[in-house]
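Note sheet for the following structure.
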Amino acid sequence: MKLQDFYHFFTFLPSISYIQDQFLTQCDRMACHMNVMPEKCECCITEESINMTALQYDLDTKFFGQHLAKQVILKVVNNNKRIKPLVLSFHGLTGTGKTYINQILAKHFNPMGTKSKFVHKIMASFPHRSQIDTYKDQLHAWIRGNVSRCERSIFLFEDVHDIQPELLHSLKPYLDYHDHIDGVSYRKAIFIFTSNTGADKISDFALEFHRKGKKREEIQLLEVQKMLSSYLLNSSNSEFRNCDLIKKNVIDIFVPFLPLELEHVKMCVRAAYQRQGRTVDEEMVSKIAKEMDYYPKGEDVFSQNGCKNVQIRVELE
Ligand SMILES: Nc1ncnc2c1ncn2[C@@H]1O[C@H](COP(=O)(O)OP(=O)(O)OP(=O)(O)O)[C@@H](O)[C@H]1O
Ligand SMILES: [Mg+2]
C-alpha cells in the first residue's frame, strides 16, 4: 500500500473523520474561548449582531429593483428572539439577484461572508434517484456536524428546483421548532433556499401590473406571497408540492424576486463599471443594457436573464 492510499484509507474511515471533527471542534472552541486563536482559526459567532443600518445601506445601494425582497429581508433578519432556525426561500427568474443577495446577507451575518467556514453553500443537485436514502443520511449528518461545530451555521441551498422533493421534505426536523435533536440545537442556524420555481407566476403577476399602468413599487408583498405559496404547495412542477415545510409553516417566509426592467439592468451595468474602478460611460451603459433580451415579444418589459452576464459583458468592453 502506497503512503497516499494509506492516508486515504484512514481519512475515509467514518470513525477517524469523527475523531478529527471532534478534535477540531474542541480546538476551535477552546482557542476562541481563551481568545488565543491560532492564525487562520475562525471563531463561531453565536450572538446575533447584525448592523441593520449597514444592511439597509447595502440593500439600498447595491440591490436593484427588488423592493419586495428588500422589505421582507429587513424585517425578518432583525429578530434576536428567534425560537426556531431562520428559514427563507427565494424565488424568481434567473439573474434577478437571489444568489447575489445571499452573498450580501452572508457578509452581514458573518464578517467573512461566504468565505467563512460556518457559511455552507450547497448546489441542490443530487443526480441518482436510487441513492436518495444515502443522500438523506449524508445531508442530515452534514447539517448536524456543522451545527454541532457552530450553532449559528448558515446553509445556502442553491437551485432547489433541481432537488428531489423527498430529500427537501426530509429536512423538516432541522428547520422546525425543536429545542434540540439528539443534543444539538438548531435554533440559531439559518437556512436559505433559492429556486426558479414560481418565477413564471411572479413574472405574470408583475406583467399584469405593468399592463394596468401601475407602478412596480405598488406591488404588495402579501398578495404575491399568497399567490406564490399556493402555487408552490399545489403545482405538480414544484419541489414544495404538498410539503409540510409549507403546511406547517416551517419556512418562515417566501421571498419573491421580481423580473428586472431595462432601468435595473442599467444600474447593474453601472455597478459593474464601478466594481472595476472604471468611469461610468452612460452611452455604453445604455448600449450594453439594450443588448440584453427582453420579453414579452413586442412589449419588451422585462429582461429575460435579469442582470446575468452583465459583469462579463462590461469586462469585455
Ligand atoms: N437585483 C439585483 N441587484 C443588483 N445586481 C444584481 C441583481 N440581480 C442580479 N444582479 C447581478 O447579476 C449577477 C447574477 O445574479 P444572481 O446570480 O444573483 O442571479 P440568480 O437570481 O441567483 O439567478 P439563477 O436563478 O440563475 O441562479 C449578480 O452577481 C449581480 O452582479
Ligand atoms: Mg442563483
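Key figures
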read-out: Reachable lysines, given that their alpha-carbon falls under 27 Å from the alpha-carbon of K266 and they are not under 8 places away in the same chain; value: K62, K70, K98, K107, K201, K212, K214, K215, K287, K290, K297, K308
read-out: Those lysines that a straight Cα-Cα span of less than 19 Å connects to K81, excepting residues fewer than 8 apart in one chain; value: K188
read-out: Listed residues H180, L88, F205: farthest to the positive end of the dipole of the chain (Cβ charges); value: H180
read-out: Kirkwood Rh and Cα Rg combined as Rg/Rh, the chain; value: 1.00
read-out: Which of C307, C268, C43, C243 has the fewest Cβ neighbours within 10 Å, and the rest in rising order; value: C43, C243, C307, C268
read-out: Backbone HN-Hα couplings from phi across region 290-302 [Karplus 6.51/-1.76/1.60, Hz, Gly and Pro as x]; value: 6, 5, 5, 8, 10, 9, x, 3, x, 8, 6, 8, 10
read-out: Fully extended contour minus Cα-Cα distance, from R211 to Q311, at 0.36 nm per residue; value: 33.0 nm
read-out: Spin-label model distance (nm) - D58 vs N80, 7 Å beyond Cα toward Cβ; value: 2.0 nm
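Read the figures in this text as sums done on the coordinates, not as results from a lab. Since the structure is predicted, the reported quantities are computational estimates derived from the model, not experimental observations. Ideal geometry is used to build each Cβ from the backbone, glycine not excepted, and the neighbour counts take in all protein chains shown.
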